[in-house]
Amino acid sequence: MKRRIFLKSVGWGALALAGPGAFSACGILQKKEKLNFILINIDDLGWKDLACYGSRYYETPNIDRLAAQGVRFTDAYASCAVCSPTRASIMTGRYPARIGVTDWIHHLDKQGEEAYKEGKNPTAYIGGKRRRLLCPPNPYWMELDEVTIAEVLRTAGYATCHIGKWHLGYEPWFPDKQGFDINIGGGEIGQPPTYFDPYYLNEQRPSIPALLPRRQGEYLTDRESDETIRFLKEHRDRPFFLHMCHYAVHTPLQAREEFVAKYENKDKTNQTNAVYAAMIESVDRAVGRMLSTLDELGLTERTLVIFTSDNGGLQDYSTDNAPLRAGKGYPYEGGIRVPLIVRWPGVVENGRVCEVPVTSVDHFPTLAELAGARIPSDRVIDGESLLPVLKETGSLRREAVFWHFPHYRGEVVPYSIIRKGDWKLIKRYEGQTFELYNLKEDLSEKSDLSEERPEKVKELEVELNAWLKDTQAKLPRENPDYEPDLK
């Protein structure tokens, strides 16, 4: 056993044995029945991809029911415009810039195979003569030194289960190495080879890790739903944390034919993709089955359910995020603003709408506080517990939220972002340096105010730079070998 893994297991094992006095005194731990937690994280689901968020093409009656029985956040954000960093931030309560996972993990890279063999993430900056900037390397896994919400909850007596997409490293860094008792389908892959059993495409994209095929042609979302129901029934008599991460609605766009036909015959809006609509319906039905099972098992009243997405929708190819600008990968609202619904029976007012800006790092401290579990004191936890907002007893302490993406992605160049109040500043490290928007007046980010409001740009840049320094964010560097005329 590696030393860091040993220390991690001993440290958190000792905390588990320390008894109730070792945990934060929120009072919840002493209750006879602890809250159960289900965190549903949909892959690439856009902010406007649910009926309760305004879609007039996609049909999501079960998710709408969840919103009607809980609170729907209008200004919720993913910690990154792509998946792996957001997933790492949900697990740890820490910004991607602080963790170092700032791009999606490219596990098929040859360099990834070499890193895996060496057991060491790369440190050398990368780039070619065609790029003006050298970029920091993205790791191929989230280090085991990070403490996950699953580990924290397990020390508080919770059964922990991950189902679906993980995308935070190879087998030594799978969910079962990061605090989950059960891992079903979580591996290094960022998308399924295919959505139909046996989930095999070719040797480079073999079957889904930790998910054995069982019935040829079975749709993956339905299989994940079955596994969810099985876990709930088998763990009904003890507190549990279920991390339900459907691979849908990520590419490849594949769906059940009967659902596709339904949407092909439906009047289109700005959203037109029938296959994508069918994938959303499969996810919605899975959520419906889960909610019905909670009802049948008598668990609804003591189960907190969170529903969200890891980044904005894939604009044009899969969906349309209007009125938000752009989509997945971009620094605009379409890339980072996501649905967030929280149902907490008996506490959260039914059908409430909340405009407080929140982000992925907030789930960790929220669940830890509700469980009466201690969060690690040897590291910075960037998130804030959402209990004051959920209970309507107070507000959050922070004034701003941040993003950092020091990489190229297609036409996207490295950038950092700060949102403070209604103001949002995008700082690019190549090309036009700043864009400034007032989101209250310009949700679609059509009017760049950076030249009109230089004092606001300066104010926000100072705060952004201070945050980048505090998180020890890795910044792009000038490329000494850059040849702008190279073809």
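Here the chain is treated with +1 on each Lys and Arg Cβ and -1 on each Asp and Glu Cβ, and its dipole about the Cα centre works out to around 960 debye. Subtracting the Cα-Cα distance of residue 399 and residue 272 from their residue separation scaled by 0.36 nm leaves 41.9 nm.
Of the residues 443, 476, 426, the one whose Cα sits farthest towards the positive end of the charge dipole of region 403-478 is 476 (charges of +1 on Lys and Arg Cβ, -1 on Asp and Glu Cβ, taken about the Cα centre).
Within the shell defined by Cβ-Cβ distances under 9 Å, the residues around residue 358 carry a net charge of -3, with Lys and Arg each +1 and Asp and Glu each -1. Under the convention that each Lys and Arg Cβ holds +1 and each Asp and Glu Cβ holds -1, the size of the dipole of region 189-309 around its Cα centre is about 140 debye. The value of relative contact order for region 403-478, using C-alpha pairs under 8 Å at least six residues apart, is 24 percent. Between the listed residues 198, 55, 180, the Cα displaced farthest toward the positive end of the dipole of the chain, a dipole computed from Cβ unit charges relative to the Cα centre, is found at 180. Once backbone amide H atoms are built at 1.01 Å from N, residue 303 has 36 as its partners under 5 Å, excluding neighbours fewer than 5 places away on the same chain. For region 262-299, applying the loop criterion from DSSP together with a ceiling of 15 other beta carbons within 10 Å to the trypsin sites (Lys or Arg not before Pro) yields 266, 268. The Cα center of region 197-213 and the Cα center of region 227-286 differ in position by 19 Å. Pick the calculated percent of Cα pairs over 31 Å apart for this structure from [x] 45; [y] 50; [z] 42? Identified label for the calculated read-out: [z].
Relative contact order for the chain: 25 percent, from Cα pairs under 8 Å spaced at least 6 residues apart, divided by residue count. Once the chain from residue 301 to residue 350 is taken as fully extended at 0.36 nm per residue, the excess over their C-alpha distance is 16.3 nm. Extension gain, residue 463-residue 378: 0.36 nm per intervening residue step, less the Cα-Cα distance, totals 28.2 nm.
Dipole size in debye (nearest 20) for region 403-478 around its Cα centre, Lys and Arg Cβ +1, Asp and Glu Cβ -1? Provide the component values of the computation, followed by the final result.
Values: 14 positive and 16 negative charges, 71 e Å.
The dipole magnitude comes to about 340 debye.
Once you order the gyration tensor axes a ≥ b ≥ c over the Cα atoms, which shape class does region 208-358 get: rounded for a/c under 1.5, otherwise prolate or oblate by comparing a/b with b/c? Don't jump to the answer; show the numbers that get you there.
Values: a/c = 1.87, a/b = 1.20, b/c = 1.55.
Note, shape of region 208-358 comes out oblate.
As I understand it, the dipole of the chain uses +1 on the Cβ of Lys and Arg and -1 on the Cβ of Asp and Glu, about the Cα centre. Which of 124, 416, 248 lies farthest toward its positive end? Of the options given, the answer is 124.
Any read-out appearing in this document is the output of simple, stated calculations on the displayed coordinates, not a laboratory observation. Bear in mind the structure is a predicted one, so any value in this text is a computation, not a measurement. No Cβ is skipped: glycine too gets one built from the backbone with ideal geometry, and neighbour counts run over all protein chains shown.
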